[in-house]
Amino acid sequence: MSESRLVSVAPELVREIERQKPAALRAIALSVSEWVIREVGVVDERLDRGIAALEGTTEISPSLRSDINVLWDGLDVKAWDIQDLIEGGEATEGEYEAAFFRARAANALWYALDPELLMGTLECVYEAQAATDIDAIRRIVYAVIETMNAS
């Protein structure tokens, strides 16, 4: 398995996540994904379907991941388009950041749905922190772990 990008931001969080069982990994991915999507304000029915799949109410299918990948790619392209407009004075850095954060949130969910739970969870957390802040993500992850360990 290759190393997660999260190790460059929060190596201690990587070590903690690596110790978790599959149910906790899925719970971390779900909590982080839900939070980052809500936090950055990205709304799309494909994200709703992805969250439902993580909650176990629908199937995690390759077509669902593909649909979310198309959304993420479109949001990423939009962010780059805005970046180009900044150079001409037609857009602001804030508009670019908002678009970039929406793309990262969609990508976090795409990773959360990865059949390889550990790497998917690590990369979900990495993308979420890129859209928000690592301290908030740490609190979410540790709260989930505490809840799972109390069960």
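Which of the following residues is in a helix (DSSP H, G or I), under 27 Å from Ser8 (Cα atoms) and in contact (Cβ under 8 Å) with a residue 40 or more places away in the chain: Leu30, Leu64, Leu71? Can you show your working first?
Details: Leu64 fails: under 27 Å from Ser8 (Cα atoms); Leu71 fails: in contact (Cβ under 8 Å) with a residue 40 or more places away in the chain.
That would be Leu30, the only listed residue that is in a helix (DSSP H, G or I), under 27 Å from Ser8 (Cα atoms) and in contact (Cβ under 8 Å) with a residue 40 or more places away in the chain.
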If I filter the range 80-95 down to residues being part of a helix (DSSP H, G or I) and of a type in the set (D, E, K, R), which single residue comes out as surrounded by the most Cβ atoms within 10 Å (Cβ to Cβ)?
Glu95
Residue, farthest from the chain's Cα centre (by Cα), within the range 38-51, restricted to residues that are part of a loop (DSSP other than H, G, I, E, B) and surrounded by 12 or more Cβ atoms within 10 Å (Cβ to Cβ)
Asp44
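It is to be established whether one or more residues within the range 58-65 are modelled with pLDDT under 95 and hydroxyl-bearing (Ser, Thr, Tyr). Let's see the steps before the verdict.
Quick first cut of the range 58-65, residues modelled with pLDDT under 95 only: 58-62.
Restricting the remaining residues to those that are hydroxyl-bearing (Ser, Thr, Tyr) gives 58, 61.
Checked against the condition, which is being modelled with pLDDT under 95 and hydroxyl-bearing (Ser, Thr, Tyr), the range 58-65 yields at least one hit.
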What pairs can you find where one residue is in the range 80-104 and touching a residue at least 60 places away in the same chain (Cβ under 8 Å), the other is outside any helix (DSSP H, G or I) and surrounded by 14 or more Cβ atoms within 10 Å (Cβ to Cβ), and their Cβ atoms are less than 9 Å apart, with a gap of 6+ or different chains?
Phe101/Val42; Phe101/Thr132; Arg102/Val42; Arg104/Thr132
Of the conditions (1) in a helix (DSSP H, G or I); (2) at pLDDT 95 or above, the single one that Asp114 does not satisfy is (1)
Yes or no: the range 99-108 includes at least one residue that is basic (Lys, Arg) and either on the phi > 0 side of the Ramachandran plot or touching a helix residue (DSSP H, G or I) at 6+ places or on another chain (Cβ under 6 Å) (or both).
yes
Leu122 fails exactly one of the following numbered conditions: (1) more than 11 Å from the chain's Cα centre (by Cα); (2) under 19 Å from Ser31 (Cβ atoms); (3) of a type in the set (A, V, I, L, M, F, W, C). What is the number of that condition?
(1)
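Residues checked against (1) of a type in the set (Gly, Ala, Ser); (2) surrounded by 19 or more Cβ atoms within 10 Å (Cβ to Cβ); (3) in contact with a Pro (Cβ under 6 Å, 6 or more places away or on another chain):
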{"residue": "Glu59", "(1), (2), (3)": "no, no, no"}
{"residue": "Ser63", "(1), (2), (3)": "yes, no, no"}
{"residue": "Glu97", "(1), (2), (3)": "no, no, no"}
{"residue": "Met119", "(1), (2), (3)": "no, no, no"}
{"residue": "Val125", "(1), (2), (3)": "no, yes, no"}
{"residue": "Ala130", "(1), (2), (3)": "yes, yes, no"}
{"residue": "Asp133", "(1), (2), (3)": "no, no, no"}
Since Leu54 meets every condition but one in (1) within 26 Å of Ala10 (Cα to Cα); (2) in contact with a Leu (Cβ under 7 Å, 6 or more places away or on another chain); (3) not charged (D, E, K, R); (4) not in a helix (DSSP H, G or I), which condition does it not meet?
(4)
Among the numbered conditions (1) among the aliphatic types (A, V, I, L, M); (2) under 15 Å from Glu123 (Cα atoms); (3) at pLDDT 95 or above, tell me where Met1 comes up short.
(3)
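The values are calculated or read from the model by the stated rules, or taken from the named source; none is laboratory data. Nothing here was measured: the structure is a model prediction, and the numbers come from that model. Counting neighbours? That spans all protein chains shown, and the Cβs are built from the backbone with ideal geometry, glycine included.
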